[in-house]
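Note sheet for the following structure.
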Amino acid sequence: MSARNDSEIWLEANECSARIGLSKRALRLYEEHGLIRPRRTQKGWRLYGANEIARLHEILALKRLGLSLQRITALLQGKATDLAGVLSIQHDLLAEQRERAEQGLALVRAAQAKLATGASLTADELIRLAKEANMTESNTDTVAWRRYDQARPRTEVKIDPRRFARCTGFYKHPVGLIMAVTLEGDRFFLQLTGQPKVELFAENESNFFLKVVPAQLTFASAGSDRAETLTLHQGGYEAVAKRIDEAEAKRQSEELGKRVRNRVPHPRSEETLRHFLEQQRCGTIPSELLSEELAEIVREQQPIVSAELESKGDLRKLGFRRVADDGVDIYEAQFAQGTLQCGIGFGQDGRVHTLWMLPA
């Protein structure tokens, strides 16, 4: 049975549990944890409206990501429902799982076809099959729930600007970019190498967030009042940048400036980019060349990129053009059926951390 008012339909517990596929016990459990607060009739019957159903959807989505009820409670309790955020995470997770399944099926079909001809599988093919069978979605789930948490609305608080002074200075991102944190009057700012300055907003004296993108910063000290590390939370990942002094920041900035002015590419950029384009055209991912974060993005976009490269035909020429202000090498890739502009950038670990392609 359902109750109706002028603007909304309300479901009683029996109907709500039946239509969503939950037990009444689960509804009570979520209520006990403070995650939902159903309306009560004069007789004490619980009624569930759009807000409660949206929160139930949010809870079920997070459970599907592998989070415990305790962790879900800590994440959601006292916070407004963010249905758009959880739908975005669900979309990313399902799309990624579908692509992983398609990749696995392609490997299995190729192996079956080869065995059907009477041939044997090579050690390399067996290793790829074993690796595919052994992979789990634990990393995907962790990234997904971090993306969800990072996308949630933040509440700005006012802090004494003098307390922020401990955070100001220069930090080196693992990619190699310099992150300059400054205080201007009573406002806080962050600027990465080759990027515009953006304002930071405080959640407390150690945690800040950006409004231009869903990203947060956490400052941590090491036994002193001065912050020694900066952790950037963005895209489901966390990158720890260590403090460096102003002289070192200036030296590295000058080195990058020389590369930009003199058009000096990274010594491995052409070879690596060429290998990546060839592998992607064949539908494979050279994960050993990429950072963990970039490999995840490449996996998500592989069907689109592979189709685009296949339509372009053979790679005829790869010409270096310039070094961008953020240190990314820009190339023009000429194919039999078109041209693309490509960017590639390396981190301190020697892996590719930045990679993009655009119509030339």
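When the Cα atoms of segment 214-309 are enclosed in a convex hull and the volume is divided per residue, what value in Å³ results? If you can, show how the numbers build up before the last one.
Details: hull volume 14.8 nm³, N = 96.
It comes to 155 Å³ per residue, whole-number rounded.
Of all lysines in the structure, those lying under 24 Å Cα to Cα from K158, and not within fewer than 8 positions of it along the same chain, are K79, K197, K211.
Using the Stokes-Einstein relation with a Kirkwood hydrodynamic radius computed over Cα pairs, the translational diffusion coefficient of the chain at 25 °C and a viscosity of 0.890 mPa s comes to 101 µm²/s. Ignoring trypsin sites (Lys or Arg not before Pro) that are buried or in helix or strand per DSSP, and keeping those with at most 15 other beta carbon atoms within 10 Å, what is the longest stretch of the chain between them? After excluding every exposed loop site, the longest remaining stretch is 269-360. For segment 317-360, the spread of Cα positions along the three principal axes, ordered from largest to smallest, is 35, 18, 15 Å.
Backbone amide hydrogens, once placed in the peptide plane, bring R322 within less than 5 Å of I330, excluding anything fewer than 5 places away on its chain. With helices as the sole contributors, the chain gives -14000 deg cm²/dmol at 222 nm; each DSSP H run of n ≥ 4 counts as -39500 (n - 2.57), and the sum is divided by every residue. Temperature 10 °C, viscosity 1.306 mPa s: under these conditions the Stokes-Einstein estimate for segment 160-283, based on its Kirkwood radius over C-alpha pairs, is 97 µm² per second.
Take every DSSP beta bridge whose two residues both sit in segment 231-360; close to 95 percent of them are antiparallel.
Dividing the alpha-carbon Rg of segment 254-332 by 2.2 N^0.38 Å yields what? Please list the in-between numbers first.
On the way: Rg = 14.0 Å, N = 79, 2.2 N^0.38 = 11.6 Å.
Taking the Cα Rg and dividing by 2.2 N^0.38 Å, one obtains 1.21.
Of all accessible surface on the chain at a 1.4 Å probe, what whole percent is carbon and sulfur? Carbon plus sulfur share of accessible area: 51 percent. Given their separation in residues at 0.36 nm each and the Cα-Cα distance between them, K258 and K242 gain 3.4 nm when the chain is fully extended.
On average, how much accessible surface per residue is there in the chain, in Å², for a 1.4 Å probe, leaving out ligands, DNA and RNA? Let's see the in-between values first.
Numbers: 20100 Å² over 360 residues.
Value for the chain: 56 Å² per residue.
The values are calculated or read from the model by the stated rules, or taken from the named source; none is laboratory data. Source: prediction; values computed, not measured. When we count neighbours, we look across all protein chains shown, and the Cβ atoms used for this are built from the backbone with ideal geometry, even at glycine. Please note that ligands, DNA and RNA were not included when accessible areas were found on the heavy atoms of the full protein model with its side chains. Shrake-Rupley method; radii C 1.70, N 1.55, O 1.52, S 1.80 Å.
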